[in-house]
1. May I ask you to compute the full-extension gain from K156 to E76, defined as 0.36 nm times their residue separation minus their alpha-carbon distance, rounded to one decimal in nm?
2. Go through 79-86, 137-144 and give me the packing order, highest mean Cβ count within 10 Å leading.
3. Calculate the translational D of segment 36-167 in whole µm² s⁻¹ from Stokes-Einstein, where the hydrodynamic radius comes from the Kirkwood formula applied to all Cα pairs, the temperature is 25 °C and the viscosity 0.890 mPa s.
4. For segment 94-156, what does the relative contact order come out to in percent, with C-alpha contacts under 8 Å and a separation of six or more?
5. Carbon-plus-sulfur fraction of the accessible area of segment 59-104, 1.4 Å probe, in percent?
6. Starting with the highest mean, order 127-136, 68-77 by the number of other Cβ atoms within 10 Å, averaged over the residues of each peptide.
7. Please give the per residue accessible area of segment 56-167, computed with a probe of 1.4 Å over protein heavy atoms only, in Å².
8. 5 Å is the cut-off here: which amide hydrogens, built 1.01 Å from N in the peptide plane, fall below it relative to I38, excluding neighbours closer than 5 in sequence?
Amino acid sequence: ARVAMRVLAGRVDLQPAAGGKGSSDDDDGRAQLEAGAITLREHLMEQARVTGLGQRDKALVELIVDALDDNGYLEEPLEEIHARLPAELEIEFDELRTALSLLQSLDPAGIGARNAGECLALQIRAMQGVPLVTRRMALTIVEKHLAWFAQRDITKLKKALDCDEED
């Protein structure tokens, strides 16, 4: 059976996909779907497990996963996470930054973002089938002009991007 994945309050919820087979009176199907719900942490760690990361990298990814809020954002600065690590582990800040990049490459797109702009940028980079020029413009908007976009200030966006209304 086809399922769709939703992340809600830190949990990954598997549900019948649109157009999938399933009826409201299929009690066995619902029981299987409820049993299939896993936490976001479990979902991320399973992906990290199959990526072939070394034990140290997996441990650093897990450390960052544990710092995520219920929406999958990393609100605590990496510097603070690094500062509370025991010095005897000799973990370089760049290792932690690499672990964050590894986490951000996992599904769902946008996981581990530190703000809305970064979340959108991660999702745009993960898009399949969207022309590169469109993705580049969208990235420029979310990385540099998100406030104008949120305010729907198309005039400023057109000027900053040197494009027309259609673009």
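1. 25.6 nm
2. Most protected by this proxy first, the peptides run 137-144, 79-86.
3. 148 µm²/s
4. About 21 percent, as a whole number.
5. C and S atoms contribute 46 percent here.
6. 68-77, 127-136
7. Roughly 64 Å² per residue, with all protein chains present.
8. V12, L14
The values are calculated or read from the model by the stated rules, or taken from the named source; none is laboratory data. Just so you know, these numbers come straight off a predicted model, no measurement behind them. Quick reminder, even Gly has a Cβ in these numbers, built from the backbone with ideal geometry, and neighbours come from all protein chains shown. What goes into the accessible areas is simple: the full protein's heavy atoms, side chains included, and nothing from ligands, DNA or RNA. Shrake-Rupley method; radii C 1.70, N 1.55, O 1.52, S 1.80 Å.
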